[in-house]
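One structure below.
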Amino acid sequence: MTENLNEPQLTATYIGGPTLVLEIGGLRIITDPTLDPEGTSFKIDNKLTISKLSGPATNDVGVIDLVLLSHDQHSDNLDHAGRELMFKVGHTITTPAAAQRLKNGALGLSPWENVEIDLPDGRQMTATATPARHGPSGTDEMQGDVTGFVLQVNGSKEFSLYITGDTVFYEGVLEVAKRFDPDYVFIFAGAAKPKGPFNVTMDTNDAIDTAFCFPRAGIIPLHHEGWSHYTEGADVLATAFSVLDIGSRLMILEKGKPTRLKFS
């Protein structure tokens, strides 16, 4: 028996780092799988190393139907165990450059390209690639291509989600806001600084700017704990949102706990 199409079914489970399991209409999706244990280290170059400060909420994420991968070139978005899972799943949506490197069923989408996905509950979901910039202007060549995603689910009660991927706040995020009106925005936060005194993911100011760009959306931070190069945690975001009297819009997921997301 299929679920009542009038009742959206969406559950989010935060695994750690940038990794989230979404259950949408019976389809199980994982973002940027990072499943290695605490203490695993990765060399960025000859001088720099990043390390996992905490492991995932669980190593057993169950059956996964689809991987949404913002990019493959950085280990805090795709580590050893995450890569093994991705290849087992065999269905990944990512950037065109990453799809060429990964192969194995990976589909590369450029910004604003989309693909239709049939959900087990009878709905249809459109996955659209969105622009992302992994650091300040001018660092694209050094950082490589990155993508975000908008997921739109149809039916008599439609809803949509925006997953920013590894990006700072810039004109590409503004363009997403012009085209889409998501119910929830999953931001890659943490003010990550792996290579220098500049952010390559959203800091608190970026998170606030994003919240005001999407005034109807609940804001759910990912990518804010578990790695040595993250410099701002969820507590910083909570304080800032509270000061601006928008604390009710910020939802910090408890690691490992499935959370049913509601719609107005």
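The values are calculated or read from the model by the stated rules, or taken from the named source; none is laboratory data. Quantities reported herein were computed from a predicted structural model and do not represent experimental measurements. Heads up, the Cβs are rebuilt from the backbone with ideal geometry, glycines too, and the neighbour counts pull from every protein chain shown. Keep in mind that these areas ignore ligands, DNA and RNA; they rest on the heavy atoms of the full protein, side chains included. Shrake-Rupley method; radii C 1.70, N 1.55, O 1.52, S 1.80 Å.
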Could you tell me how many of the residues in the range 79-123 are under 17 Å from ASP65 (Cα atoms) and hydroxyl-bearing (Ser, Thr, Tyr)? 2
Have a look at GLY138, GLY155, GLY148 and point out the one that is of a type in the set (Gly, Ala, Ser) and touching a strand residue (DSSP E or B) at 6+ places or on another chain (Cβ under 8 Å). GLY148
Breaking point among (1) surrounded by 14 or more Cβ atoms within 10 Å (Cβ to Cβ); (2) touching a Ser or Thr at 6+ places or on another chain (Cβ under 6 Å), for LYS43: (1)
For THR204, indicate whether it is of a type in the set (Ser, Thr, Tyr), open to solvent by 10 Å² or more (accessible area, probe 1.4 Å) and in contact with a helix residue (DSSP H, G or I) (Cβ under 8 Å, 6 or more places away or on another chain). yes
Do you know which of the residues in the range 89-98 that are over 17 Å from VAL146 (Cα atoms) and in contact (Cβ under 8 Å) with a residue 24 or more places away in the chain is least open to solvent (accessible area, probe 1.4 Å)? VAL89
Within the range 134-165, which residues are assigned to a loop (DSSP other than H, G, I, E, B), open to solvent by less than 10 Å² (accessible area, probe 1.4 Å) and in contact with a Lys or Arg (Cβ under 9 Å, 6 or more places away or on another chain)? GLY135
Tell me, which residue of the range 59-78 that is touching a strand residue (DSSP E or B) at 6+ places or on another chain (Cβ under 7 Å) and open to solvent by 50 Å² or more (accessible area, probe 1.4 Å) is farthest from ASP166 (Cα to Cα)? VAL63
Out of PHE263, PHE212, sole residue that is open to solvent by 20 Å² or more (accessible area, probe 1.4 Å), out of contact with any strand residue (DSSP E or B) (no Cβ under 8 Å at 6 or more places or on another chain) and aromatic (Phe, Trp, Tyr): PHE212
Looking only at residues in the range 215-239 that are free of Cβ contacts under 8 Å to residues at least 40 places away in the same chain and farther than 21 Å from GLY17 by Cβ, which one is most open to solvent (accessible area, probe 1.4 Å)? ARG216
Just name the residue that is modelled with the highest pLDDT out of those in the range 178-196 that are open to solvent by 10 Å² or more (accessible area, probe 1.4 Å) and farther than 24 Å from ARG216 by Cβ. LYS193
The strands (runs of 3 or more DSSP E) lying wholly within the range 16-133 that contain at least 1 residues that are at pLDDT 95 or above and under 16 Å from the mean Cα position of the chain (by Cα) are 19-24, 27-31, 66-68, 92-94, 124-131
When ARG123 is run through (1) surrounded by fewer than 19 Cβ atoms within 10 Å (Cβ to Cβ); (2) among the basic types (Lys, Arg); (3) closer than 23 Å to THR11 by Cβ, the failure sits at (1)
